[in-house]
């Protein structure tokens, strides 16, 4: 992950820039290059999205999006998986989801990669919780564990 210090760039100016690969996030005035997923990360992400949507989409409860830019609270981040309650998915006149998500996801899921800072990723989850997110997961594939975050509760550690 590359941090590009650029405190003179505003969030509004950042959002007007074209999307890039790898994607960039805007956090507290810093532009941070998001890492490119590797096979194990991508596989876990795809399986989670499939199983969440298998249950949540059919009942019109929620929908899980991969790598969805969410802009709120002065930041623009891209969780590995952003889950939005059905009623929070704004649609256009063709009943297609609108592109710009300007709220915290209801559930944010981050999958830790070896080159990532767990504190930086945890900070993104905590930011989501501060702005209305109901659930945050930090998955560590190396030790097969999940840190579960909920508003105003101690994190819970789960492992297999």
Could you order the peptides 82-95, 63-76, 108-121 from most to least packed, using the average number of other C-beta atoms within 10 Å per residue? 63-76, 108-121, 82-95
Sorted by Cβ neighbour density within 10 Å, fewest at the top, the residues 128, 133: 133, 128
Could you tell me whether region 37-159 comes out rounded, prolate or oblate from its Cα gyration tensor? Rule is a ≥ b ≥ c as square roots of the eigenvalues, rounded for a/c under 1.5, then prolate if a/b exceeds b/c, otherwise oblate. prolate
How much mean residue ellipticity at 222 nm does the chain get from its helices, if each DSSP H run of length 4 or more adds -39500 (n - 2.57) and you divide by all residues, to the nearest 500 deg cm²/dmol? -7000 deg cm²/dmol
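If I take R0 = 30 Å and measure r between the Cβ atoms of residue 143 and residue 39 in this structure, what FRET efficiency does the formula 1/(1 + (r/R0)^6) give, to the nearest 0.05? Intermediate values should be presented prior to the final figure.
Numbers: r = 18 Å, r/R0 = 0.61.
Given R0 = 30 Å and the Cβ-Cβ separation, E is 0.95.
Which of 157, 149 has the fewest other C-beta atoms within 10 Å, and how do the rest follow up to the most? All intermediate terms of the calculation are to be shown ahead of the outcome.
On the way: 157 10, 149 21.
Going from sparsest to densest Cβ surroundings: 157, 149.
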Along the Cα→Cβ direction, 7 angstrom out, place labels at residue 67 and residue 15. What is the inter-label distance in nm? 2.2
Length gain on complete extension for the stretch residue 23 to residue 55, per 0.36 nm per residue less the alpha carbon to alpha carbon distance? 8.6 nm
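The numbers here are math on the coordinates, done by the rules we state, and not lab data. Note that this is a predicted model, so its numbers are computed, not measured. Every residue, glycine as well, gets a Cβ built from its backbone with ideal geometry; the counts of neighbours run over all protein chains shown.
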